[in-house]
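Before any comments, here is the structure.
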């Protein structure tokens, strides 16, 4: 439920409506509906339709295609967090006999396992799942098309394997596990494996004529974990808020942040386009903004969910056409419209509740060789290391309570920071992953690797 201070300004709402109206008209979509999320709650929904008086609202179901993969990834991360599996495990350890057992679970989540993109045989999205009753039917005789771990190669069959993994480890159907562990806790009552009225009908729009053809809505069977779900912009708005913040009933904030972190080696085209892939989530740069989410398509439907984490804004766009408006661009534009028209108001700065003199002693200027850095102590108990000028290595560090800290992001993620003291207890230097940081550049008497020239700094004669 939104409050008056959460509501968007009239000009912002009109700009959002204009964007989806252009998308529906230019993309020739029978209908299109979008919802914008800010601060974890839906703040705007708009729709356009080819039929007067029949525009869908936030409760009308559309098929969401591969956004289903993100739901499947959440189930796998839950298993990891419970200690049932490790992301580095090979599939064979938990699901033997598939013929693709050498793939790691992380590789399957990040589409870097080397598996083929599609299932062999007739177009699986437009034929009944009963044609592929077993995993061997999904994978075929040649499941791998690339060496494992070498590159990102999108694979629907990989997420079929992850769904089978969930079923094996939970001893229950994928859809039952999903409902019990994700949909019900998050209140996603309008997200289902089969359509529940009211729902949109899927259409193909003729590429050279303003004419329609109904698309079949097949049950995907074994391929369901890769693209089966139906949902609404209302439910997906709540799911987007979860992917931005976490929910300890389902996944912690740290685990959803891990999903949003690039994990797959990108190919040259992806690097040029600023696109990468995390664990069940697409990651891309668009207009200087980092966006995470997922696209979806099945015959008759297009879908996109996009989150601008730094702006705390998300957008969901659904349309009932096989091809039409580029929803990734529409969703990115909706995020951008709100972010630029109504920039996020930061939380008030607040000082430390208690000041630890030993911690305060670490603050200030440090040098790695001749590179200058500043080390700040923040109100949440972290150390922040940043270059004094220009771009450079930076990270936040969380304390262990014993005079050491571990990097939690960027270059020094996972690296150990130690405050090294002299025998008399005074602070000597910082050791960061074997790099020595001193108060002065190449400080005399400090244990700088390679030593410091005893004649010191000099000019040119």
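The values are calculated or read from the model by the stated rules, or taken from the named source; none is laboratory data. The shown structure was predicted, so the numbers you read here are calculated from the model rather than taken from an experiment. Glycine also receives a Cβ, built like all others from the backbone with ideal geometry; neighbour counts cover every protein chain displayed.
Go through the residues of the stretch 18-29 one by one and say whether even a single one is over 29 Å from residue 217 (Cβ atoms), assigned to a helix (DSSP H, G or I) and either more than 26 Å from the chain's Cα centre (by Cα) or not assigned by TED's automatic domain parsing to the domain that holds residue 235 (or both). Within the stretch 18-29 (the criterion being over 29 Å from residue 217 (Cβ atoms), assigned to a helix (DSSP H, G or I) and either more than 26 Å from the chain's Cα centre (by Cα) or not assigned by TED's automatic domain parsing to the domain that holds residue 235 (or both)), the answer is yes, since at least one residue qualifies.
Of all residues in the stretch 307-323, those that are under 18 Å from the mean Cα position of the chain (by Cα) and farther than 19 Å from residue 110 by Cβ total 9. The set of residues in the stretch 8-17 being more than 26 Å from the chain's Cα centre (by Cα) and under 21 Å from residue 238 (Cβ atoms) consists of 13 alone. Cβ-Cβ contacts under 6 Å between residues 6 or more apart (or on different chains), taken from a first residue in the stretch 431-449 that is assigned by TED's automatic domain parsing to the domain that holds residue 374 and more than 13 Å from residue 365 (Cα to Cα) to a second residue that is exposed (fewer than 12 other Cβ atoms within 10 Å of the Cβ) and at pLDDT below 90, are absent. Residues in the stretch 304-334 that are buried (at least 21 other Cβ atoms within 10 Å of the Cβ) and within 17 Å of residue 245 (Cα to Cα): 305, 306, 307, 308, 313, 314, 315, 316.
No other residue among 72, 35 is closer than 17 Å to residue 224 by Cβ, within 19 Å of the chain's Cα centre (by Cα) and buried (at least 21 other Cβ atoms within 10 Å of the Cβ) apart from 72.
For (1) out of contact with any helix residue (DSSP H, G or I) (no Cβ under 8 Å at 6 or more places or on another chain); (2) under 23 Å from residue 352 (Cα atoms); (3) in a strand (DSSP E or B), each residue gets a yes or a no:
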{"residue": "373", "(1), (2), (3)": "yes, yes, yes"}
{"residue": "379", "(1), (2), (3)": "yes, yes, no"}
{"residue": "385", "(1), (2), (3)": "no, yes, yes"}
{"residue": "389", "(1), (2), (3)": "yes, no, no"}
{"residue": "393", "(1), (2), (3)": "no, no, no"}
{"residue": "406", "(1), (2), (3)": "yes, yes, yes"}
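Looking only at residues that are part of a helix (DSSP H, G or I) and in contact with a strand residue (DSSP E or B) (Cβ under 9 Å, 6 or more places away or on another chain) in the stretch 75-108, which one is nearest to residue 147 (Cα to Cα)? It comes out as 107. Filtering the stretch 138-156 to residues that are in contact with a strand residue (DSSP E or B) (Cβ under 6 Å, 6 or more places away or on another chain) and touching a residue at least 60 places away in the same chain (Cβ under 8 Å) leaves only 152. The set of residues in the stretch 436-461 that are surrounded by 15 or more Cβ atoms within 10 Å (Cβ to Cβ) and closer than 22 Å to residue 358 by Cβ comprises 436, 437, 438, 443, 446.
Here residue 72 qualifies as touching a residue at least 60 places away in the same chain (Cβ under 8 Å), in a helix (DSSP H, G or I) and closer than 27 Å to residue 278 by Cα.
Looking for something buried (at least 22 other Cβ atoms within 10 Å of the Cβ), under 24 Å from residue 300 (Cβ atoms) and within 19 Å of the chain's Cα centre (by Cα) - is there at least one such residue anywhere in the stretch 136-157? Checking the stretch 136-157: at least one residue is buried (at least 22 other Cβ atoms within 10 Å of the Cβ), under 24 Å from residue 300 (Cβ atoms) and within 19 Å of the chain's Cα centre (by Cα). Under the condition of being more than 19 Å from the chain's Cα centre (by Cα), surrounded by 21 or more Cβ atoms within 10 Å (Cβ to Cβ) and part of a helix (DSSP H, G or I), the residues counted in the stretch 218-233 number 3. Just the residues that are in contact with a strand residue (DSSP E or B) (Cβ under 9 Å, 6 or more places away or on another chain) and outside any strand (DSSP E or B), please, taken from the stretch 408-439. 408, 409, 410, 411, 412, 413, 414, 415, 422, 433, 439, listed by residue number.
Yes/no matrix, rows are residues, columns are (1) under 22 Å from residue 193 (Cβ atoms); (2) in contact (Cβ under 8 Å) with a residue 12 or more places away in the chain:
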site	(1), (2)
227	yes, yes
230	yes, yes
233	yes, yes
253	no, no
285	no, no
312	no, yes
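No other residue among 88, 101, 97 is surrounded by fewer than 20 Cβ atoms within 10 Å (Cβ to Cβ) and out of contact with any helix residue (DSSP H, G or I) (no Cβ under 7 Å at 6 or more places or on another chain) apart from 97. Checking the conditions here, which among 167, 175 is part of a helix (DSSP H, G or I), farther than 15 Å from residue 77 by Cα and without any contact (Cβ under 8 Å) to a residue 60 or more places away in the chain? When all the criteria are applied, what remains is 175. Across the stretch 198-217, the qualifying residues are those that are without any contact (Cβ under 8 Å) to a residue 24 or more places away in the chain and not in a strand (DSSP E or B), and the one among them that is surrounded by the fewest Cβ atoms within 10 Å (Cβ to Cβ) is 208.
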